[in-house]
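See below for the structure under consideration.
The values are calculated or read from the model by the stated rules, or taken from the named source; none is laboratory data. Computed from a prediction, not measured in an experiment: that's the story for all the values here. With ideal geometry, Cβ positions are generated from the backbone for all residues, glycine too; neighbour counts draw on all protein chains shown. Areas reflect the complete protein model, heavy atoms only, side chains present, ligands, DNA and RNA absent. Shrake-Rupley method; radii C 1.70, N 1.55, O 1.52, S 1.80 Å.
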Amino acid sequence: MDHRTIRINTEQHNVSLLGFGAMRLPHLPSGDIDVAASEQLIDSALQRGVNYIDTAWTYDDGQSERVVGEILRKHDRNSFYLADKLPKDDCRTRADVTRIFNEQLRRCGVEYFDFYLIHQLNKEWFERVKKLDVVPQLMELQQQGKIKNLGFSFHDDYETFVRCVDYHDWDFVQIQLNYMDIDHQQGLRGYDYVTAKGIPVIVMEPIKGGSLVHINDDAARLMTERHPDRSLASWALRWVGSLDNVRVMLSGMSTIEQLEDNLATCTNFKPLKDDEQRIIAQVRTRLRQSIRVACTQCKYCMPCPQGVHIPINFREVNEFNMYHNRQHMAYAARRLGELGMRADRCVECMECVAKCPQQIDIPGELATFTAFLTTEGFIK
């Protein structure tokens, strides 16, 4: 397993290029985490050189921290780096910061976190972080030795990212980045910004939550013809790992097969060659050309009298056309239904049509999406 160095102040950390993200641990039919299968996965990862384990307060309703903690207790504490995160939704008062942090230490069965992050920073949460003096409180915990390295993970636009980066002298940052999301959220501009400041980068979703292993056949063929013996996931990891300032790539692995494939990519890691970078660019173009609905997410069509979130429904249509990720579509259809925002609430009142600058047949496209969800069994 290849390792990369994170130098923070005078301390050097040799972290594994592949990090184990504990947000997609295997589950039992009951919905609980399959502890035995998870133990086999994490133990195998550690034995093969993976030494960066990432969990969070919100993963699996708190089960992830507990299960990860139980598994790691039998391993030498100096043999792994453990990362955890302060949640935005449950942190509402100053007292919540230390209360949650201490509970996380208890759940994980450790006395300190090697890497601790303010989770999911965005505009709203960033303002609350400042109001609650979150960073000064975490710095105090860092001075006590309970946090070794302090950073944040991010989900918002580039301008907000820059403000967050400049707010504190962070030890590291964690961003979502993959070969399709180069302009999404902070994108590559954000990566370049922190790299210029000398801040190490940890990348989440390098395979876009598994979507980049489900791309349409036309795009996938470009990769498989070049390397018939390599997986689509390996292309995604190699694209991210080719960025010099990426220290760790987090992958939420659920099976031994996924672990083995990622280990094969990240052991004796080979950055993409120039011709392979050109193939990635061609894949990106073909995937974007497969977009079905020309929605720009301008939201001029909103609000819908029936509560349909039109842009989100069209985004899910386009995502599925690109990635064919049935697991994600099942989740999206269920969640939109729970929120009363799904396409099947459309009554074709036509109020949205005149507002659309792209002149999209919104009711027609929503009806097509509803028919697809029904035919494919995503809604009943």
* **Spans of strands (runs of 3 or more DSSP E) in the stretch 1-50 with at least 1 residues open to solvent by 10 Å² or more (accessible area, probe 1.4 Å) and closer than 24 Å to L237 by Cα** => 3-8, 11-16
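Let's see how each residue does on (1) over 24 Å from S16 (Cβ atoms); (2) in contact with a strand residue (DSSP E or B) (Cβ under 7 Å, 6 or more places away or on another chain):
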residue	(1), (2)
H168	yes, no
M180	yes, no
H184	yes, no
P200	no, yes
V203	no, yes
V213	no, no
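Could you tell me which residue of the stretch 41-84 is nearest to the chain's Cα centre (by Cα), considering only residues that are among the acidic types (D, E) and closer than 18 Å to V248 by Cβ?
Looking at residues that are among the acidic types (D, E) and closer than 18 Å to V248 by Cβ, I get D54.
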* Hits in the stretch 120-136 - residues which are crowded, with 18+ Cβ neighbours inside 10 Å and not hydrophobic (A, V, I, L, M, F, W, C) -> Q120
* On the given criteria, is D133 at pLDDT 95 or above and in contact with a Lys or Arg (Cβ under 7 Å, 6 or more places away or on another chain)? -> yes
* Inside the stretch 137-149, can you point out the residues that are closer than 21 Å to I202 by Cβ and open to solvent by 30 Å² or more (accessible area, probe 1.4 Å)? -> M139, Q142, K146, K148
* Structure fact -> Quick count over the stretch 146-172, residues being without any contact (Cβ under 8 Å) to a residue 60 or more places away in the chain, outside any helix (DSSP H, G or I) and closer than 23 Å to T93 by Cα, is 10
* Enumeration of residues in the stretch 85-113 that are open to solvent by less than 10 Å² (accessible area, probe 1.4 Å) and either hydroxyl-bearing (S, T, Y) or over 13 Å from V68 (Cβ atoms) (or both) -> L86, P87, C91, V97, I100, F101
* Which one is least open to solvent (accessible area, probe 1.4 Å), of the residues in the stretch 309-363 that are acidic (D, E) and touching a residue at least 12 places away in the same chain (Cβ under 8 Å)? -> E316
* Structure fact -> Reported set for the stretch 245-275 where residues are buried (at least 18 other Cβ atoms within 10 Å of the Cβ), touching a helix residue (DSSP H, G or I) at 6+ places or on another chain (Cβ under 9 Å) and charged (D, E, K, R) is D261
* Just need a number here: residues in the stretch 160-204 that are of a type outside the set (A, V, I, L, M), closer than 20 Å to V135 by Cα, open to solvent by less than 30 Å² (accessible area, probe 1.4 Å) and out of contact with any Lys or Arg (no Cβ under 7 Å at 6 or more places or on another chain). => 6
